1. Can you tell me how much longer the chain between residue 314 and residue 282 gets when fully stretched, taken as 0.36 nm per residue apart minus their C-alpha distance, in nm with one decimal?
2. Roughly what angle does helix 251-286 make with the longest principal axis of the chain, taking Cα atoms, 0 to 90 degrees, to the nearest 10?
3. Quote the convex hull volume per residue of the range 128-228, based on C-alpha atoms, as a whole number of Å³.
4. Roughly how tilted is helix 40-55, in degrees to the nearest 10 and between 0 and 90, from the longest Cα axis of the chain?
5. On full extension of the chain, what length is gained from residue 198 through residue 251, given 0.36 nm per residue of separation minus the C-alpha to C-alpha distance?
6. Note the direction-averaged projected area, equal to a quarter of the hull surface, for the Cα convex hull of the range 109-169, in nm².
7. Would you be so kind as to identify which of 111, 131, 161 lies farthest towards the positive end of the dipole of the range 109-264, taking Lys and Arg as +1 and Asp and Glu as -1 on Cβ and the Cα centre as origin?
8. Taking Rh as the Kirkwood radius computed over C-alpha pairs, what is the Stokes-Einstein D of the chain at 37 °C in a medium of viscosity 0.692 mPa s, expressed in µm² per second?
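Values in this text are rule-based calculations from the coordinates and carry no lab data. Given the structure is predicted, the values throughout are model-derived calculations rather than measurements. In this analysis, Cβ positions are derived from the backbone assuming ideal geometry, glycine residues included, and neighbour counts consider all displayed protein chains.
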Amino acid sequence: MLRIRHYALIFMALAMITGSNYAQTTIVIKFSHVVANDSPKGLAAIHFKELAEKMTKGRVRVDVYPNSKLYKDNEELEALQLGVVQMLAPSLSKLSALGFHEFEVFDLPYLFPNKEALHRVTQGPIGRDLLSRLETKNIVGLGIWDNGFKSMSANKPIHTPDDMRGLKMRIQPSKVIATQMRDLGATPLTLSFTYAIDSLRFGLADGTENPPSNFYMMQFIDLQKYLTLTNHGYLGYAVIVNKKFWEDLPAEIRVQLSSAMNETTKFANAMAQQQNELDLAAIRSSGKTTVYELTEAERIQWRKALLPVQQQMETRIGKETLNAVTQEVGNSHE
């Protein structure tokens, strides 16, 4: 973290020298993320770059840094708060590290019955309210992008919740996901996305949970023999910017960038759906990983096994947030 603070001091010194007069200089936005350019998030970042530069007529230049080229999972949020980078798209659950546990509502298993219900939350008043809370930590939330619904993978067949017992499962940082795994009898291993491959290759982890696009992009087909389409949880990203940087921008630039972000969010969500379908087909055709679809009876077993997670996490997430989401998506929570 000392490296980040060192760069932050340099950045602030340069800002004092050059001033904040953007009228005669190109505004540079460093957009850092941790996945490949050809992933749904990577493609969306490039799309935003193109739109932002076009809509601002070249007054803004967006430099996209994929694959953790600038900062790793556990570094990027601090880098954004310090102003070393201006834009990120971390998974929603990572915001919990800043004290915003309410974002872990998106990690709850089987909370969203379909994409339509999900988007009523992420693209509606609830999503906007959640993003607005980030401003207390020098962050402005611009939007929420889909990746997709997650499935379980391992080197043994997984059909029922009981098949998860004893497995060591790599997860992203989230108390909700950790509780989910423990309720299934599995051991959660919290590891950054960067180290997910090594955790499987060297036997530290037995399995993962990922949307098909992540599974295929990371070439887990070479490391996991079975993928079960549980579609149990959602993986999405919050697109965020440094608050001071955002507020110092000319008003017309903020309007143009917001418009570019709104258009990109539509693109991102459509691209995520398309990419997951294409990558699932590629996983099937590879012959390396067997893809299993749950029967209706098995799906009911999964839902029943994971329903208690909602009640266990109510205090952490916040009853008001949980009730608002469940009412919006049409579920009941008592």
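1. Stretched out fully, the residue 314 to residue 282 stretch lengthens by 7.7 nm.
2. 30 degrees
3. Once divided by residue count, the hull of the range 128-228 is 120 Å³.
4. Long axis of 40-55 versus the principal axis of the chain: about 20 degrees.
5. Extra length from residue 198 to residue 251 when fully extended: 14.5 nm.
6. Here the figure is 6.3 nm², rounded to one decimal.
7. Of 111, 131, 161, it is 161.
8. For these conditions, the coefficient is 159 µm²/s.
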